[in-house]
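Have a look at the structure below before the remarks.
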Amino acid sequence: MIFPAITPNGNYGLTWTATSGNAAPYADTYEIWVSTTNDQIASFTTKIYSNTEASGAFNNHYIDLSQFNGQTIYFAFRNVSKNAYYLLIDNVK
């Protein structure tokens, strides 16, 4: 899931909620990647987050993006599922 370009400035962060359809050891794992050039898949070369999501209620997440202040970036969620059941991501801001 690739998002439109943003240009973080100051105390800029990324927030979202997520949950997995399976419990350990089959919970879904996902990553967040950043591109500083364009939205082409091959351009996402910087992994900034990785998580194995707990099942059940939605969990809140936050990443500080200040390391990219002043740069135009694209970010993408990548599901690296162990069981391919389902991963729900919502409220991305």
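Got a number for carbon plus sulfur as a percent of the chain's accessible area, 1.4 Å probe?
Values: 2620 of 5350 Å².
Using a 1.4 Å probe with all protein chains present, the chain comes out at 49 percent carbon and sulfur.
Give me the tail of P(r) for the chain as a percent: Cα-Cα pairs with distance above 19 Å. Show your work: numbers first, answer last.
Working: 1745 of 4278 pairs.
The calculated P(r) of the chain puts 41 percent of pairs beyond 19 Å.
Hey, quick one: spin label on E31, modelled 7 Å out along Cα-Cβ, who in the range 53-80 has an amide N within reach, i.e. under 16 Å?
From the range 53-80, the list is 53, 75-80.
Can you grab the distance from the C-alpha centre of the range 19-41 to the C-alpha centre of the range 46-89, Å, no decimals?
5 Å
Summing +1 for each Lys or Arg and -1 for each Asp or Glu, what net charge is found among the other residues whose Cβ lies under 14 Å from the Cβ of I48?
0
What's the ranking of 58-64, 27-33, 75-81 by average number of surrounding C-beta atoms within 10 Å, highest first? Before the final figure, lay out each step's value.
Values: 58-64: 13.3, 27-33: 19.1, 75-81: 16.4.
Highest-to-lowest ranking by the protection proxy: 27-33, 75-81, 58-64.
Can you give me the accessible area per residue for the chain, using a 1.4 Å probe, in Å²?
Details: 5350 Å² over 93 residues.
Per-residue accessible area for the chain comes out at 58 Å².
At q = 0.14, 0.19 Å⁻¹, what is the base-10 log of I(q)/I(0) for the range 21-61 according to the Debye formula with one equal point scatterer per Cα and no solvent? Please give it to two decimals.
The computed values of log10 I(q)/I(0) come out as -0.44, -0.66.
Give me the one-decimal nm value for the distance between modelled label points at M1 and I63, 7 Å along each residue's Cα-to-Cβ direction.
1.3 nm
The values are calculated or read from the model by the stated rules, or taken from the named source; none is laboratory data. Just so it is clear, the structure is predicted and the values come from calculations on it, not from any experiment. Ideal geometry is used to build each Cβ from the backbone, glycine not excepted, and the neighbour counts take in all protein chains shown. Areas reflect the complete protein model, heavy atoms only, side chains present, ligands, DNA and RNA absent. Shrake-Rupley method; radii C 1.70, N 1.55, O 1.52, S 1.80 Å.
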